[in-house]
Amino acid sequence: MELAGLIIALVAVILVLTVVGRTVRIVPQARARNVERFGRYRKTLEPGMNFIVPIVDRVKPLIDLREQVVSFRGQPVITEDNLVVSIDTVLFFQVTDPRAADYEIVNYIQAIEQITATMLRSVIGSMDLEQTLTSRDKINTRLRGVLDDASGKWGIRVTRVEIKAIDPPKSVIDAMEKQMRAEREKRAAVLTAEGVRQSKILTAEGEKQSQILRAEGERQGQILRAEGQAQAIDTVFRAVHEGDADPKVLAYQYLQTLPQLAQAEGNTFWVIPSEVTTALKTLSTAFGPAGGSAGDGAGQAAVAGGTAVEGTAVDGTAVEGTAVEGTAAEPPPALGPAPSGPAAAPSSPAAVPNGSAAEGHTAG
């Protein structure tokens, strides 16, 4: 008896647990389950603990209420210019009405895939290949609007549609690559030409500026040198006039420049102005009465540096001469009447600095 009672009690506990297990249904968060009573929709179980009537109520599978992602691959679509392209799409959707998603459509994922392919053919069919490749945002917007309207009665809300890939035919891809390569080569050639042109322009501008600056520098240098020479001449001129120089001193200064004419290398032919005779006459007149060692004439000349020049020019006529150092010769005949007194001795050589004398000849 005791064993039978124990078995009965155990069976009763099992039946109670079975009834409780069939009565209580726990639904996870963001999930939903539809309940049918005698084959007819009764209610939708909310997340948490729910109670049903065992045997009478039947609970259908879970429906996910979270946003879901489904990818549709390889949808062949013909463009307006009769090119077949393969388009991969990604669809984001969310079940908003579990009852409609369960009873209004048999397989809502398959239904969304088919309506997406249909709408892609409708949208892409009105565009050529170039517009298809460059108008993804426009395609996405139109697809989303159409799919959201069509799936609304199924309790589904399409949140986003993205074109993942558009694959044209291989021949078109090769042609596009050639076109892009040619475009890049063209741009590279244009940029290279622009660089060469700009480089030449900059080089020319630099040379122009350099020549301008160099010319400006030379001009300024010539102006400054001319101003310096003008100031020097003006200073000398002013000093001469303010000092009231005697014509004899000017004649002596004039004669001092004669050695400079003979200092050039290989210079055996040179021209002496006719004013030299006048200067010589003036100098001989100046030293005649005082020193008594110079005769009246243009045959003897004092030369700086110990060098005498043979030959003088009268009335602008050039005479070839040779330099003779440290030699005294007979004076030439006088050009005019000899002055009286001891200063007119014709045999006296002309006094020359550094102990040299010049042998001269005069032309009548």
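For the list (1) under 30 Å from residue 111 (Cβ atoms); (2) not assigned by TED's automatic domain parsing to the domain that holds residue 155, I need the number of the one condition that residue 56 fails.
Unmet for residue 56, out of (1) under 30 Å from residue 111 (Cβ atoms); (2) not assigned by TED's automatic domain parsing to the domain that holds residue 155: (1).
Working only within region 24-83, note down all residues that are among the polar types (S, T, N, Q) and either surrounded by 12 or more Cβ atoms within 10 Å (Cβ to Cβ) or modelled with pLDDT under 90 (or both).
34, 44, 50, 68, 71, 75, 79, 82
Hey, can you tell me all the residues within region 74-96 that are touching a helix residue (DSSP H, G or I) at 6+ places or on another chain (Cβ under 8 Å) and either among the polar types (S, T, N, Q) or within 22 Å of residue 156 (Cα to Cα) (or both)?
Once the filter is applied, which keeps residues that are touching a helix residue (DSSP H, G or I) at 6+ places or on another chain (Cβ under 8 Å) and either among the polar types (S, T, N, Q) or within 22 Å of residue 156 (Cα to Cα) (or both), region 74-96 yields 75, 79, 89, 91, 93, 95.
Report, by residue number, each residue of region 58-109 that is free of Cβ contacts under 8 Å to residues at least 40 places away in the same chain, more than 18 Å from residue 161 (Cα to Cα) and either out of contact with any strand residue (DSSP E or B) (no Cβ under 7 Å at 6 or more places or on another chain) or in a strand (DSSP E or B) (or both).
58, 59, 61, 62, 63, 64, 82, 106, 107
Determine which member of the set 172, 158, 196 is closer than 30 Å to residue 100 by Cβ and modelled with pLDDT under 95. Working first, answer last.
Details: 172 fails: closer than 30 Å to residue 100 by Cβ; 196 fails: closer than 30 Å to residue 100 by Cβ.
On inspection, the qualifying residue turns out to be 158.
Which residue out of 238, 225, 219 is modelled with pLDDT under 95, within 40 Å of the chain's Cα centre (by Cα) and not assigned by TED's automatic domain parsing to the domain that holds residue 79? Explain how you work it out, then say what you get.
On the way: 238 fails: within 40 Å of the chain's Cα centre (by Cα); 225 fails: within 40 Å of the chain's Cα centre (by Cα).
Of the residues listed, the single one that is modelled with pLDDT under 95, within 40 Å of the chain's Cα centre (by Cα) and not assigned by TED's automatic domain parsing to the domain that holds residue 79 is 219.
Looking at (1) under 30 Å from residue 166 (Cβ atoms); (2) assigned to a strand (DSSP E or B), which one does residue 41 not meet, given that it meets all the others?
(1)
All but one of (1) part of a helix (DSSP H, G or I); (2) in contact with a strand residue (DSSP E or B) (Cβ under 8 Å, 6 or more places away or on another chain) hold for residue 130, so report the exception by its number.
(2)
Among the residues of region 162-193, write down those that are within 18 Å of residue 131 (Cβ to Cβ) and either assigned to a helix (DSSP H, G or I) or among the β-branched types (Val, Ile, Thr) (or both).
Across region 162-193, the qualifying residues are 163, 166, 172, 173, 175, 176, 179, 180.
Which residue out of 148, 128, 137 is loosely packed, with under 13 Cβ neighbours inside 10 Å and in the same structural domain as residue 86 (by TED's automatic domain parsing)?
Numbers: 148 fails: loosely packed, with under 13 Cβ neighbours inside 10 Å; 128 fails: loosely packed, with under 13 Cβ neighbours inside 10 Å.
Residue meeting the stated conditions: 137.
The values are calculated or read from the model by the stated rules, or taken from the named source; none is laboratory data. This is a predicted model, so every value here is computed, not measured. All Cβ positions, glycine included, derive from the backbone under ideal geometry; neighbour counts span all protein chains shown.
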